[in-house]
Amino acid sequence: MNRFLPAGLLALAACSNELERPTPPNLDGLAATYADVTGTLDARTAPLLLQAGAEKLGFVGDAQAMLDLIFGVFDDVGNLDNQGEAPIEVEGEGLSITRSALTGDEIDISAGAWGIYVRRCPGWVGDAENKRGSLRMTLLFTEEGLEPVIWGQMRQCRIEAGKLQLNGELSVKLEGIENGFDQGIQSLLIKFAGDYASDGPLERVAFDARVLPGDALVTTVELETGERFLVGFGFDGSVRVVDTTGPWSCTESACTGPDAREVRF
Amino acid sequence: MRSLLLALLATTPALARHTPETPVTDYSAYVLENNEWRLGPFRVEYGLLDSLQLSTFPFLWAFKISNGVIKYQPYDTGTHAISAELGFFQLDLADFIDESDQEAGTEYPVLRAIPFTVMGSRRQDDFTFNLGLAFTLVSFDGEVADSDLEAVGGASTIMLKPAIEWRLGPVLALVLEGRVKIYERYSGNVVTTYELDEDSRIDVYGTGGLELEGFKGNVSLSAMWSWDVFNLRLGMGRGHYAVPVVNVFIPAVIWYPEIDMYWRF
């Protein structure tokens with residue numbers, strides 16, 4: 001028995017006291033669908049597209065109301081990082097110092113750091129604090145700042161714009177932060193699944209949307225023919241469509257696309 | 001206490017000296033005989049059986065560190081001996097805070113160390129060759145007051161402990177003792193909470209583990225006088241000092257004294 005003891009102690013030593021880092025959901029497949037636009041906007045597809053995308057446009061409009069809440073996460077975390085006031089910074093320097101006192105060796109914990117962010121939702125006008133609900137997101141830190149995917153739950157989260165109420169799983173993929181958080185977010189992919197109400201009763205939904213940087217919030221719409229487009233709202237309020245040729249801005253009867261091309265329907 | 005010791009010195013038979021019947025137990029596989037005592041400011045030991053010895057460190061109790069060591073010697077032929085030693089040490093910060101000042105629900109930091117050592121000794125002419133293998137687990141957990149910081153951490157070490165005793169006479173022996181790191185790993189989790197504003201907060205979890213590579217060790221040379229009852233050890237060592245009990249090496253190479261004194265009867 002004695003000859004097994006050292007191996008047993010080694011195993012115990014190796015696993016002592018270490019928490020398991022959470023694993024983020026994989027949104028690569030979803031992101032790929034946004035990159036795979038196959039449809040071309042013309043007089044045939046334009047009315048079909050706006051008809052097929054009508055319900056999804058409603059979700060996209062509501063997703064815009066969620067953006068402030070989501071961007072608030074990044075603002076808060078960015079400030080936390082930049083202020084450097086934390087005993088453990090996301091780079092792990094703080095814990096290195098703590099351990100240096102013990103061992104004299106620099107230890108980088110960045111690969112193991114993560115955070116649980118909790119924010120009370122804005123609520124509806126007149127809501128008491130306990131009625132506003134909350135957003136609870138898990139964030140993984142890296143040496144550069146954040147892992148691209150943050151995820152968590154919206155718990156009875158109420159937002160005044162659209163009289164929204166959300167209770168479900170929320171995942172967000174940041175795109176374009178590979179060069180560091182300070183470089184800004186190039187794009188944002190949002191996925192929600194759960195109970196949703198927009199000035200009405202709760203219903204079970206699953207929707208996703210993507211922020212086109214500085215331009216619009218869109219979702220994927222696929223026609224019965226299999227042609228896929230991105231449809232949503234521009235930040236100027238117009239309806240936005242992306243096809244194989246690029247982004248279009250649409251009204252009820254016409255879309256204007258790249259090179260001022262126009263499609264009437 | 002002093003009068004008691006003087007009385008013991010005057011009345012007890014000559015038990016000590018460097019004889020096969022009274023081998024030094026500190027760096028060897030040997031244990032005290034049944035009902036034999038070893039009293040010193042640094043260590044108190046008692047032979048519960050011919051093969052079982054109990055120890056405690058009085059000066060650690062002075063710092064409110066609970067401690068105890070049990071050493072079992074299953075094999076002793078007179079020239080060869082094997083023993084196993086298991087210790088337990090605990091420092092609870094709550095012991096330093098008046099009960100009236102303790103906050104309900106607060107988990108005050110607790111440091112625990114569990115060293116386990118297997119020793120072998122071979123007595124040959126004027127020499128005794130000793131080799132020990134020490135496994136030590138150190139753990140820390142608790143909340144750090146006023147910083148919203150919770151931490152769990154630990155260290156795991158395996159250390160080789162060779163020692164050669166050269167008896168120059170019945171009273172004086174030279175002891176060449178070393179400690180060599182075989183394995184050293186540190187791991188830890190830290191949870192700290194940031195209140196970002198009245199509506200949001202983030203709990204940051206840091207976790208990590210590191211196995212330290214590179215040589216660490218030390219060697220000391222000391223003189224060990226063993227009179228009838230009183231024993232004195234004086235010497236110097238150089239290398240990475242190994243903190244007693246937790247068996248963690250200090251990274252800097254230093255000179256350090258080797259001092260011990262005790263009464264054995």
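No value in this document is a laboratory result; all are computed from the given coordinates. Here the structure is a predicted model, which means the values were calculated and not measured. When we count neighbours, we look across all protein chains shown, and the Cβ atoms used for this are built from the backbone with ideal geometry, even at glycine.
Within 10 Å of each residue's Cβ, count the other Cβ atoms and sort B:His240, B:His80 from fewest upward.
The fewest-first ordering by Cβ neighbours comes to B:His80, B:His240.
For the range A:191-265, run through the GluC sites (Glu not before Pro) and keep only the ones in DSSP coil with at most 11 other Cβ atoms within 10 Å of their Cβ.
Of the GluC sites (Glu not before Pro), the ones in loops of the range A:191-265 whose Cβ has at most 11 other Cβ atoms within 10 Å are A:Glu224, A:Glu252.
Under 10 Å, Cα contacts only: if you run a Gaussian network model on chain B, which one of B:Asp199, B:Asp92, B:Asp76 comes out with the highest mean-square fluctuation?
Fluctuation is largest for B:Asp199.
For the residue pair B:Asp50 and B:Asp203, what label-to-label distance in nm results when each label sits 7 Å from Cα along the Cα-to-beta-carbon direction?
A separation of 5.8 nm, rounded to one decimal place.
Using the Karplus curve 6.51 cos²θ - 1.76 cosθ + 1.60 with θ = phi - 60°, what ³J(HN,Hα) values do you get for each residue of the range B:82-89, in whole Hz, with x for Gly and Pro?
9, 9, 10, 10, 10, x, 9, 9
If each DSSP helix of 4+ residues adds -39,500 (n - 2.57) and the sum is divided by the residues in chain B, what number results at 222 nm, nearest 500 deg cm²/dmol?
Taken over chain B, the calculation gives -1500 deg cm²/dmol.
Dipole of chain B (Lys/Arg Cβ +1, Asp/Glu Cβ -1, origin at the Cα centre): which of B:Leu133, B:Ser66, B:His80 lies farthest to the positive side?
B:His80
Test of understanding: in a Gaussian network model of chain B with alpha carbons linked when under 10 Å, which of B:Glu195, B:Glu36, B:Glu213 would top the mean-square fluctuation ranking?
B:Glu195
Among B:Ser28, B:Ser226, B:Ser66, whose mean-square fluctuation peaks in a Gaussian network model of chain B (Cα, cutoff 10 Å)?
Looking only at B:Ser28, B:Ser226, B:Ser66, the biggest GNM fluctuation is shown by B:Ser66.
To test your reading of the geometry: what angle, between 0 and 90 degrees and rounded to tens, separates the Cα axis of helix B:2-11 from the longest principal axis of chain B?
Between the helix axis and the principal axis of chain B, the angle is about 30 degrees.
Rounded, prolate or oblate for chain B? Axes are the square roots of the Cα gyration tensor eigenvalues, ordered a ≥ b ≥ c, and the cut-off for rounded is a/c under 1.5.
Verdict is prolate for chain B.
Check cross-link reach from B:Lys71 to the lysines: straight Cα distance under 30 Å, and skip same-chain residues fewer than eight apart.
List returned: B:Lys161, B:Lys181, B:Lys216.
Where a Cα-Cα gap under 16 Å defines reach, which lysines qualify for A:Lys173, not counting those fewer than 8 residues away within the same chain?
A:Lys191
Compute the relative contact order of chain B as a whole-number percentage, counting only Cα pairs closer than 8 Å that sit 6 or more residues apart in sequence.
Reported relative contact order: 16 percent.
How about the range B:21-107: which chymotrypsin sites (Phe, Trp or Tyr not before Pro) there are in a DSSP loop, with at most 12 other Cβ atoms within 10 Å of their Cβ?
For chymotrypsin sites (Phe, Trp or Tyr not before Pro) across the range B:21-107 that sit outside H, G, I, E and B with at most 12 neighbouring Cβ atoms in 10 Å, the list reads B:Phe63.
How far apart, in nm, are the 7 Å Cα→Cβ label points at B:Leu93 and A:Asp199?
5.4
Using Cα centres only, tell me the gap between the range B:28-52 and the range B:201-255 in whole Å.
23
Give the long-range amide H neighbours of B:Phe230: residues separated by 5 or more places, or on another chain, with amide H under 5 Å away, using H modelled in the peptide plane at 1.01 Å from N.
Sorted by chain and number, the residues that satisfy this are B:Arg264.
What FRET efficiency do you get for B:Phe59 and A:Glu160 if R0 is 45 Å and r is their Cβ-Cβ distance, rounded to the nearest 0.05?
0.10
List A:Val241, B:Val253 from most exposed to least, where exposure is judged by having the fewest other Cβ atoms within 10 Å.
So the ranking, lowest neighbour count to highest, is B:Val253, A:Val241.
Describe numerically, in nm with one decimal, the distance between label points set 7 Å from Cα along Cα→Cβ at A:Glu129 and at B:Asp126.
In this crude label model, A:Glu129 to B:Asp126 measures out at 8.0 nm.
Using θ = phi - 60° and the Karplus form 6.51 cos²θ - 1.76 cosθ + 1.60, what ³J(HN,Hα) does each residue of the range B:70-81 get, whole Hz, x for Gly and Pro?
Couplings: 10, 10, 10, 10, x, 9, 7, 9, x, 9, 10, 8 Hz.
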